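Each value in this text was obtained by applying a stated rule to the coordinates, not by laboratory testing. Remember, predicted model here, so these are calculated numbers, not experimental data. Every residue, glycine as well, gets a Cβ built from its backbone with ideal geometry; the counts of neighbours run over all protein chains shown.
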Amino acid sequence: MKIQVFQSDKGDCLLITGADGKRVLADGGMRGSFSDHVAPSLSRIEKDGESIDVVYVSHIDQDHIAGILKMADDLVAWKTFDFQKKSGNTRARKPQSLRPPEFKQVWNNAFHDQVGKNADEIEDMLAAQARALTLIPKDFAREAAANYAEIAHSKAEAVKLSRRLGTRQLGVPVNPEFNHGLMFVTDPPEAIKVGGMNFTVIGPFSEELDKLRDEWNDWLRSRKGQRAIAKIRRDQTRDEDRLHASAVDETLSVLLAQASHLGDRNDVSLPNLASLMFYLEEDGKSVLLTGDGHWQDILDGLESTGIVAEGEGLHVDILKVQHHGSEHNWHHDFGKRVTADHYVFCGNGASGNPEPAVVDAVLDSRIGRSSQRSTNPETDNPFKLWFNCSSDVAKPNYEPHMKKVEKILQTAESRNPTKLKSFFLKGSSFSIDL
């Protein structure tokens, strides 16, 4: 198994490749970073005549979903160009974006764009209505670039993505293993197989989805939500009247408020608490994919699925550190119970992430005082912290923050040269081979 981690602005983007070549793209980061750092790598997959087996969107925040929307937009633009060219339109313009690979299915929890359709039990709730991808106007890419508007709520992005995936556009199935409904922890758990890789859902629980549905419906009832949905529908009608396709906008997520202590669940947004999280296994190797989940929810999910016994510890090969290393989502108790050979931090300094306090807490769990260290048998093993950004590539206003994080690691490594290593990304991606 190979994990490729991309520079993704303030977001997450990982490409997981199994031993048999099956691929899962986990989140897409921000739109610009996707074009600059992710698209070239994915384009090589397309040129080799291959595809992505699953696109996994952990939750609806912009820093996870915007890059996936960009990929879907690019795929629509290329399909439009192919159609126009095949139809004899010699004036059809080739998209300026790189051609992405096809993707076979999507894992994504979202709700309908109408309150009434969100009334069923969570267990029976269908993921957001996906209508759409085959053809769009030849000038779509230019029009979209000129007309994209930002509205201040991430729920609209989920509506837009779902419309991109449906039968009249990309025709990509959503959550087929859950009968196209919402994905959540089940009893008994049943791993989802992608080739030789086994994905067990460890979050969210249905209770978190219930709360997210209520927040979603409140947004739909609000003036802001009604304006956003109305615009999406206008754009969709305009384009479907022309060539049976829908146009979508990019949106901004609501930023989390900052707090000064570790692990307070009250400081984590409902979309983050409803993050779709997995325990991944292949050939004895293991990865925790945590989205922006809360530390207690991760532990609850691991215990509920029987991956760990109550109160016991777990060691994995790779831990994707939750929520970019935010202080709201990590706790010392989590670090004591869950250890890894590789800790992957996705964050570029935005919102103070990765938080120095969280980096320190991870280090404490492995090389701190005896009272701070994990009791897992693997605690004394060598380990490595990986960061998908560095002060060399961070935006100017985030450069001081990344230098501070780098200094923490430089000092820790100098004191523990045989046990601790770190890596800060200066290019587009890095890979960990298991």
Worksheet item: Between their Cα atoms, which of Lys22/Lys94; Lys22/Lys285; Lys2/Lys70; Lys2/Lys384; Lys10/Lys47 are more than 18 Å away from each other?
Response: Lys22/Lys94; Lys2/Lys70; Lys10/Lys47
Response to the item:
Amide H proximity to Val338 below 5 Å, modelled H, separation 5+ or other chain, gives Leu314
Worksheet item: Asp82 to Lys2: extension gain in nm, 0.36 nm per residue of separation minus the Cα-Cα distance?
Response: 25.5 nm
Item to complete: Mind checking the range 20-104 for GluC sites (Glu not before Pro) that DSSP puts in a loop (not H, G, I, E or B) and that have at most 16 other Cβ atoms within 10 Å?
Response: Glu50, Glu102
Worksheet item: Taking the Cβ-Cβ separation of Arg221 and His180 as r and a Förster radius of 22 Å, what is the calculated FRET efficiency to the nearest 0.05?
Response: 0.30
Worksheet item: Label Arg91 and Glu413 with points 7 Å out from Cα along Cα→Cβ: what is the distance between them in nm?
Response: 5.7
Worksheet item: Relative to the present Cα-Cα distance, how much length would full extension add between Ser431 and Ala230 at 0.36 nm per residue of separation?
Response: 68.1 nm
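Hey, can you rank 320-329, 11-20 by average C-beta count inside 10 Å, highest first?
Peptide ranking by packing, descending: 320-329, 11-20.
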Worksheet entry | Projected label distance in nm at Asp210 and Gln372, using a 7 Å step from Cα toward the beta-carbon | 4.0
Worksheet item: Under the Kirkwood approximation applied to all pairs of distinct alpha-carbon atoms, what is the hydrodynamic radius of the range 265-433 in Å?
Response: 16.2
Worksheet item: Length gain on complete extension for the stretch Thr379 to Lys403, per 0.36 nm per residue less the alpha carbon to alpha carbon distance?
Response: 5.9 nm
Worksheet item: Can you list the lysines whose alpha carbon sits under 22 Å from that of Lys224, skipping same-chain ones fewer than 8 residues off?
Response: Lys117, Lys155, Lys160, Lys211
Worksheet item: Quick one: if the Förster radius is 22 Å, what FRET efficiency do Asp187 and Asp333 give, using the C-beta to C-beta distance and rounding to 0.05?
Response: 0.35
